Amino acid sequence: MRAAKYMCRRIAAGVVLMLGVSVLSFNLSSLVPGNYFDEMRLNPQVSPQTLAQLRLDYGVDETLPHRYLHWFRNALTGDFGFSFAYNMPVSSLIWQRLSNTLLLAGTATALVWIVGVPVGIFSARFRWANRISSLGSAALLSVPELAVILLLVAFFVRMGTMPLGGIVEGNGNAAGWSRIGATGLHLLIPVLALTIAGLPIVLQHTSTAMKEVLEATFIQAARGHGISPARLLLRHALPAAANPLISLFGLSLAALIGTSLLAEVVTGWPGLGPLFVQSIFARDFYVVIAIVMLSSLFLIAGNLVGDLLLFAADPRIRRTNS
Amino acid sequence: MKRSQIAVIMFCLLHGAILCAGFFAPYAPDQQNRAFPFAPPTPIHWRDQAGRIHLRPFVYGIRANSDNENYSESRNVAYPVRFFVSVKEERASQSGLHLFSAQEPGHLFLFGTDEFGRDLFSRILYGGRISIAAGLLAMLIALALGTVLGSIAGMAGGVVDSAIMRLAELGLALSWFYLLLAIRAFLPLRTPPLETFFLVAAVLGFTGWARPARLVRGVLLSAKERGFVMTARGFGAGPIYLFRRHLLPQVLPVLWTQAVILIPQFIMAEVALSFLGLGAVEPLASWGNLLAELQSYRVITSYWWMFTPVVVLVLVSFSYFLLLNSLQKRVHSVAL
């Protein structure tokens with residue numbers, strides 16, 4: 001009951017936030033000088049009549065509140081306007097791109113957590129592992145993400161064995177297993193880059209949280225009772241250290257769309273990132289607004305999921321929140 | 001102790017070289033040598049063809065091979081490398097003292113050249129100015145905003161406090177890079193270079209104020225309860241005096257560490273923006289648009305020296321990392 005009430009409040013706050021984001025981005029977009037059709041005016045092959053008709057069709061010259069209301073009414077039904085540059089509805093344009101981005105970022109995030117947590121636990125338990133992992137994560141933390149991506153790309157391009165750019169070979173006619181295999185190969189470089197960039201953060205958080213717990217008296221008591229080391233680590237220490245990790249997991253879910261942008265642009269992965277940058281340059285506003293809305297939606301949802309997980313995992317929070 | 005010394009020395013060397021780019025760079029960042037596109041780093045010799053060793057290093061002239069792809073040295077003329085050269089040129093900005101340069105008409109490209117024959121070494125130094133200045137300016141904006149808002153929240157409490165903190169939570173929750181791009185998306189695309197620079201710095205600063213604000217507020221809340229502060233208030237100290245004399249000194253260590261965390265973060269953000277073509281634009285050099293040239297297949301496969309900006313970027317980032325480590329240790333020991 002309490003959980004339901006809490007969730008309702010959070011969802012309401014999220015909806016208000018999304019409304020705010022949409023109003024803000026619409027207002028900002030009207031402040032910008034120029035729109036998509038201004039560039040077209042310079043093209044001698046487009047007649048003034050065509051241009052006027054296009055402006056009328058797309059409703060560029062309507063007043064801002066009018067345009068916003070129109071967009072809002074359509075957005076409720078899942079129609080986020082029309083892309084000028086791609087000449088197709090924004091929603092169908094974004095859907096494909098979103099799934100590509102989620103494939104990339106989801107794989108990388110999963111890999112980061114699958115590798116990071118065990119290694120973090122390990123390094124909290126053994127001193128030698130701690131030395132290696134803290135040295136390694138310090139080295140990785142001090143190399144900027146963009147540098148990691150560029151160096152990886154350069155390395156694989158020089159090797160000449162890895163495909164780069166796009167998502168499948170050729171025109172994408174392959175189907176079945178060969179398609180999955182090609183996608184996997186194309187995924188390798190961006191996923192590797194994102195994993196290298198994201199790993200040290202998870203590793204350090206896990207290791208710090210575990211170290212703190214391992215020094216607690218109840219762990220010493222458990223050890224004194226003769227509980228096996230593995231059971232001690234996984235059954236007694238890990239749940240006690242889980243809270244900061246769960247919050248971090250929520251944050252990494254929230255950042256799912258944002259983190260892979262640079263990697264996508266550099267490796268030519270056809271996700272939301274390159275589309276976003278292109279749309280900024282082309283003044284393709286409905287696409288920009290839709291992507292901004294989508295990323296805020298993920299941020300809100302990710303944080304909400306993180307909090308709910310925390311709610312489920314820790315009885316103390318359940319009690320204090322009531 | 002030793003590690004922190006290395007950090008400080010590396011930090012000072014890098015920043016000194018970048019600050020005094022006019023002195024250390026042999027060429028202007030936009031000076032083109034159309035005869036030498038993508039020339040590799042010029043080899044510096046100490047030993048001539050007769051086998052004699054010279055005290056003063058020298059370079060040979062370079063010329064393009066017939067295939068227009070590779071360069072070779074023409075060994076018949078040697079140009080000595082001069083140090084502390086005073087150059088007088090038509091443009092005031094690039095005349096003055098240079099640390100080193102090859103005697104005219106020889107060329108000394110320490111890190112090679114880009115596609116317009118511009119000296120990469122000079123461009124890295126001048127580009128560093130833009131990137132680091134953007135990072136510094138953005139840090140100042142973010143810290144100023146964060147300190148002011150955090151202090152107001154911490155001192156006032158109540159509705160003001162919770163309003164500011166909700167705003168900060170929003171700022172923290174949003175992925176700052178997307179926020180940055182989103183704000184940038186709705187600002188004019190093509191502006192004069194200098195205006196773009198300030199725009200980028202301001203956008204960076206406005207996205208980064210939330211964390212310092214929260215930290216400042218937290219420190220203030222605990223600082224307000226400390227004995228000597230309560231005593232001062234008991235003696236009738238006003239809030240402004242109290243803040244300036246007793247509370248601000250307790251906030252300062254937090255601000256220092258935040259500054260060292262934020263500067264490299266903002267430098268990288270500027271680099272990323274310029275890399276995408278949304279930050280500093282040609283002919284202005286910034287580390288971001290130096291890296292942007294690495295998006296071309298030909299550059300990646302054929303011209304290894306174009307990767308030197310990446311190496312410099314890693315070094316800068318590493319020096320900030322070391323500095324942060326030693327600073328944190330120091331702040332920690334002071335606090336204890």
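The values are calculated or read from the model by the stated rules, or taken from the named source; none is laboratory data. Here the structure is a predicted model, which means the values were calculated and not measured. FYI the Cβ positions are ideal-geometry reconstructions off the backbone, even for glycines, and counts take in every protein chain you see.
Rundown of residues vs (1) exposed (fewer than 12 other Cβ atoms within 10 Å of the Cβ); (2) modelled with pLDDT of 85 or more; (3) not charged (D, E, K, R), yes/no style:
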| position | (1), (2), (3) |
| --- | --- |
| A:107 | no, yes, yes |
| A:118 | no, yes, yes |
| A:123 | no, yes, yes |
| A:146 | no, yes, yes |
| A:149 | no, yes, yes |
| A:159 | yes, no, yes |
| A:162 | no, no, yes |
| A:173 | yes, no, yes |
| A:183 | no, no, yes |
(message) Taking the conditions exactly as written (away from every other protein chain (no Cβ under 11 Å) and under 14 Å from residue B:8 (Cα atoms)), does residue B:326 satisfy them or not?
(response) yes
(request) Hand me the list of strands (runs of 3 or more DSSP E) wholly inside segment B:34-145 holding 2 or more residues that are under 27 Å from the mean Cα position of the chain (by Cα). (result) B:71-87, B:96-102
(request) Answer yes if at least one residue in segment B:1-18 is closer than 30 Å to residue B:322 by Cβ, in a loop (DSSP other than H, G, I, E, B) and more than 16 Å from the chain's Cα centre (by Cα), and no otherwise. (result) yes
(message) It is to be established whether one or more residues within segment B:296-303 are in contact (Cβ under 8 Å) with a residue 24 or more places away in the chain, at the interface with chain A (Cβ under 9 Å from one of its Cβ atoms) and part of a helix (DSSP H, G or I).
(response) no
(message) So for segment A:236-243 (the condition being within 13 Å of chain B (Cβ to nearest Cβ) and either closer than 14 Å to residue A:122 by Cα or in contact (Cβ under 8 Å) with a residue 60 or more places away in the chain (or both)), does at least one residue qualify?
(response) no
